[in-house]
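Take a look at this one; I'll ask things after.
The values are calculated or read from the model by the stated rules, or taken from the named source; none is laboratory data. No experiment lies behind these values; they were computed from the predicted model shown. Counting neighbours? That spans all protein chains shown, and the Cβs are built from the backbone with ideal geometry, glycine included. Areas reflect the complete protein model, heavy atoms only, side chains present, ligands, DNA and RNA absent. Shrake-Rupley method; radii C 1.70, N 1.55, O 1.52, S 1.80 Å.
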Amino acid sequence: MTRQPEGMNTSLTPVLKQRGRASVDFLVHFGRGSQAVRAQGDREIAAAVPDPSSLPDDLDERGRWMEDAMAASRPWRVSQAVGEWHSTMHGLIAREAFEEILPDLQPVIAHFQTNGPATLEPAAPDEAAPFYWQGVNFHRTAGGWDDHPLQGYIHGEIVHRRLVEAMFPGGIFLQRRAIAGMPPRDDYARILDMGASTGHFTAALQETYPSAQITGVDLSLRALEHAQRVANAHGWGWRLYQRPAERTGFAEASFDLVASYILLHELPAEAIRAVFAEAFRVLEPGGDMIMSDVTRYADMDKLGVWRADSGARYGGEPHWRESASLDLAEVARQAGFVDVNAVGLGPRAYPYVVQGRKPL
C-alpha cells in the first residue's frame, strides 16, 4: 500500500452529502418503484405478441410494428418515459453529487493520481481516436466519457457503485470476478485487459491472479486515470495505456492471458474482428483468451431481440445491433484460436463468454 500523508482520508469511496445522496437515492428508488408498471407493460406486450416468430424479420420494421402495437398501452408508454428520463439524468445527477463532495475528495484523488506503482501512458497528441469513438455519448453520458476532467471517478465510483450496483445488488462485480476465474489455468504471469475503463474488471483479474503483471488499454483517458488511482490505492503496479484494443502496439507474444469484460458491444463488427486478431497476435503460443459481452441476438426470440435492440438504441449504444448480431465464436476461430468455447451465462445468457487458446 502506498504511504499517505498522516491524517489524510485514504478512501476513494464517495461519501455523498445530503443533497447529492438524496438525488442519487431518488434515482435508485424511482427505478425500483417503476418495476410494477414495467411488469404490466410486459404483460401487455406478451398479449399483443403471443407468437414472437410472427414479427417482421427486419429489425427496423419490427420496431415500427411494436411501437404501433403498443401505442395505446399506458404502462408501456410510462415505462418508456421513465427509461428516457433515467437515461438522460443519471449521469448529470451523479456529476452534481460529485461536485458537492469534490473539495473533500480532492486531496485523496490528487495523491493517488501521482503516488503509487501504477503507470499511465496517454495517447500521443497527434493520435486520432477511432471513428467509432468520435462524437458518441456512450450510455447517454453527457459529453461522452471524457467530458468532465474527473469523469472516470464519477462513472466508476458513483454511477457504478451507487446506481448500477444498487439496481443489481452484487451482480456487476460478482460477474466480473466469476469471469476472471473462468480461464483454464490457476495462474498467469502477464495479463492484458482490453477495455480496462475505470478498472473494475482489471481489479477482478488482479485479485484472481495476484502475482500477475496487469496491463490495460482503453480509449478514455479519464477512465484510465481513475483506474490508475484505484491501482495506486491498492498498491497494484498496473501499466495502463490510452490505446484502442484493436491496435495496442505491444510486441507479439507479450501476454499469456488476454481478457475483456463487456467491451465488444461498444464496437462495430470490423473493429471486433480486429480486436480478436490483435488478441491472437499479442498472446504467446499456448496463451488463453476470454472475452465477455452482451447476449447474442441468435440466442433470443424476435421479441427478445426487439427489447434488446430498442433498449440499446435509446440507451446510447450505436454499435450494439451490429455487435450482438456477430457469432463471436466464429470470429475467434477466424482469428486463429482453437478449443473455442462460447456460452451465455445466467437465465438471459448474459454475460456471453467466449474462450479460446492460441496454438503452440
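What whole number of Å gives the distance from the Cα centroid of region 266-328 to the Cα centroid of region 174-204?
Here the answer is 18 Å between Cα centres.
What ³J(HN,Hα) values, in whole Hz, does the Karplus curve 6.51 cos²θ - 1.76 cosθ + 1.60 give for region 337-352 when θ = phi - 60°, with x put for Gly and Pro?
Rounded to whole hertz, the list is 6, 10, 6, 6, 10, 9, 8, x, 8, x, x, 10, 6, 10, x, 9.
Let me ask you something else. Over the chain, what relative contact order in percent results from Cα pairs under 8 Å that are six or more residues apart?
In percent, rounded to a whole number, it is 17.
Any idea what the dipole of the chain comes to, in debye rounded to 20, about its Cα centre with Lys/Arg Cβ at +1 and Asp/Glu Cβ at -1?
In debye, rounded to 20, the chain gives about 820.
Ok, one more. Pop the C-beta distance of residue 185 and residue 322 into the FRET formula with R0 = 30 Å and round what comes out to the nearest 0.05.
After rounding, the FRET efficiency stands at 0.40.
State, as an integer percentage, the relative contact order of region 214-298 based on alpha-carbon contacts under 8 Å between residues 6 or more apart.
Reported relative contact order: 31 percent.
Also: May I ask you to give the solvent-accessible area per residue for the chain, in square angstrom, as obtained with a 1.4 angstrom probe?
In whole numbers, the chain has 46 Å² accessible per residue.
Then there is this: Can you tally the net charge around residue 84? Count Lys and Arg as +1, Asp and Glu as -1, for every other residue whose Cβ sits under 15 Å from the Cβ of residue 84.
Taking every Cβ under 15 Å from that of residue 84, the sum is +2.
Between residue 119 and residue 341, what FRET efficiency comes out of the Förster formula 1/(1 + (r/R0)^6) with R0 = 45 Å and r the beta carbon distance, rounded to 0.05?
After rounding, the FRET efficiency stands at 0.85.
Which parts of region 265-279 would a label at residue 131 reach, counting a residue when its backbone N lies under 12 Å from a point 7 Å out along Cα-to-Cβ?
Backbone N within reach: 268-271.
Leaving ligands, DNA and RNA out of it, report the carbon-plus-sulfur percent of the accessible area of region 123-228 at a 1.4 Å probe.
Roughly 54 percent, rounded to a whole number.
For the residue pair residue 29 and residue 46, what label-to-label distance in nm results when each label sits 7 Å from Cα along the Cα-to-beta-carbon direction?
Label at residue 29, label at residue 46, 3.0 nm between them.
Please report, in whole Å³, the volume per residue of the convex hull around the C-alpha atoms of region 138-185.
98 Å³
For region 1-130, what is the Kirkwood estimate of the hydrodynamic radius, computed as the reciprocal of the mean inverse distance between distinct Cα atoms, to one decimal in Å?
Radius from the Kirkwood sum: 19.5 Å.
What does the charge count around residue 296 come to, taking other residues whose C-beta lies under 12 Å from its C-beta (Lys +1, Arg +1, Asp -1, Glu -1)?
Residues close to residue 296 contribute a combined charge of -2.
For every helix of n ≥ 4 consecutive DSSP H residues, a contribution of -39,500 (n - 2.57) applies; sum these over the chain, divide by its total residues, and give [θ] at 222 nm rounded to the nearest 500 deg cm²/dmol.
Result for the chain, helices only: -14000 deg cm²/dmol.
If you average the alpha carbon positions of region 118-170 and of region 66-115, how far apart do those two centres end up, in angstrom?
That distance is 13 Å.
When every alpha-carbon pair in region 108-254 is counted, what percent end up more than 17 Å apart?
The answer is 63 percent, as a whole percent.
Counting only other residues whose beta carbon sits under 12 Å from that of residue 188, what net charge do I get with K and R as +1, D and E as -1?
After counting each charged neighbour, the total is -4.
Also, I was wondering about something else. From the square roots a ≥ b ≥ c of the eigenvalues of the alpha-carbon gyration tensor of the chain, which class results: rounded (a/c under 1.5), prolate (a/b over b/c), or oblate?
oblate
Okay, next question. Compare the peptides 52-63, 258-269, 280-291, 124-135 by average per-residue count of other Cβ atoms within 10 angstrom and give them in order, highest first.
Put in order of decreasing packing, that is 258-269, 280-291, 52-63, 124-135.
Multiply the residue gap between residue 298 and residue 18 by 0.36 nm, knock off their C-alpha separation, and tell me the result in nm, one decimal place.
96.2 nm
Using the charge dipole of region 50-95 (Lys, Arg: +1 at Cβ; Asp, Glu: -1 at Cβ; taken about the Cα centre), state which of 72, 83, 53 has its Cα farthest towards the positive end.
Result: 83.
Return the ratio Rg/(2.2 N^0.38 Å) for region 211-286, where Rg is computed over Cα atoms only.
Dividing the Cα radius of gyration by 2.2 N^0.38 Å gives 1.13.
Here's a follow-up. Roughly how many Å² of residue 114 are accessible to a 1.4 Å probe, to the nearest 10?
Approximately 110 Å² of residue 114 is accessible to the 1.4 Å probe.
What does the C-alpha gyration tensor say about the overall shape of region 103-188? Classify as rounded when a/c is under 1.5, otherwise prolate if a/b is larger than b/c, or oblate.
Rounded, because the longest to shortest axis ratio a/c is under 1.5.
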